[in-house]
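Chemist: One structure coming up, written as structure tokens, with questions to follow.
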Amino acid sequence: MAEAKTESSSAMAMTDILSAQDIEAALTSCKAADSFNYKSFFSKVGLKGKSTDQVKKIFGILDQDKSGFIEEDELQLFLQNFSSSARALTAAETKAFMAAGDTDGDGKIGVDEFQALVKA
């Protein structure tokens, strides 16, 4: 048991930065398919008021393959980074989220684009 604890504590967790209560409230607000709104979610989850450094740490969690970008497949599973029981985003939600965040048109969201999206 001690090994598993050590392993998970070395990785940054959402709850190191965001409150579990805010995460739950944000996820509850977009349970229904096609109800996800990134601005509303970032506000409810408490991300809007976080420092640049904290937002970068959240980006690092969302960037599952550590490529330095959030690609479409990672974006579709966005909510599951906050809770493993959360739903995947629908194709329409994923495309709208990507369109809002991908300001340079390269088909992925970089850390600066994510920062701008959170603060929008």
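The values are calculated or read from the model by the stated rules, or taken from the named source; none is laboratory data. Note that this is a predicted model, so its numbers are computed, not measured. Please note: Cβ atoms are built from the backbone with ideal geometry, for glycine as well, and neighbour counts cover all protein chains shown. With ligands, DNA and RNA removed, areas are computed over all heavy atoms of the protein, side chains included. Shrake-Rupley method; radii C 1.70, N 1.55, O 1.52, S 1.80 Å.
Chemist: Within segment 49-85, can you find the residues that are surrounded by 14 or more Cβ atoms within 10 Å (Cβ to Cβ) and of a type in the set (Lys, Arg)?
Modeler: If the condition is that a residue be surrounded by 14 or more Cβ atoms within 10 Å (Cβ to Cβ) and of a type in the set (Lys, Arg), then LYS50, LYS56, LYS57 are the ones that fit.
Chemist: Please tell me if PHE97 is modelled with pLDDT of 95 or more, out of contact with any Leu (no Cβ under 7 Å at 6 or more places or on another chain) and surrounded by 15 or more Cβ atoms within 10 Å (Cβ to Cβ).
Modeler: The answer is no for PHE97.
Chemist: Another question, if that's okay. Taking SER67, is it over 17 Å from ALA120 (Cα atoms), under 12 Å from the mean Cα position of the chain (by Cα) and among the polar types (S, T, N, Q)?
Modeler: Judged against the criteria, SER67 is not a match.
Chemist: When the residues of segment 31-48 are filtered to those that are over 16 Å from ILE109 (Cβ atoms) and either among the hydrophobic types (A, V, I, L, M, F, W, C) or touching a Leu at 6+ places or on another chain (Cβ under 6 Å) (or both), which remaining residue is surrounded by the fewest Cβ atoms within 10 Å (Cβ to Cβ)?
Modeler: ALA32
Chemist: Given the conditions (1) assigned to a loop (DSSP other than H, G, I, E, B); (2) modelled with pLDDT under 95; (3) exposed (fewer than 13 other Cβ atoms within 10 Å of the Cβ), report the number of the one that ALA4 does not fulfil.
Modeler: Of the numbered conditions (1) assigned to a loop (DSSP other than H, G, I, E, B); (2) modelled with pLDDT under 95; (3) exposed (fewer than 13 other Cβ atoms within 10 Å of the Cβ), the odd one out for ALA4 is (1).
Chemist: Among the residues of segment 107-120, what is the count of those that are open to solvent by 40 Å² or more (accessible area, probe 1.4 Å) and without any contact (Cβ under 8 Å) to a residue 24 or more places away in the chain?
Modeler: Number of matching residues: 2.
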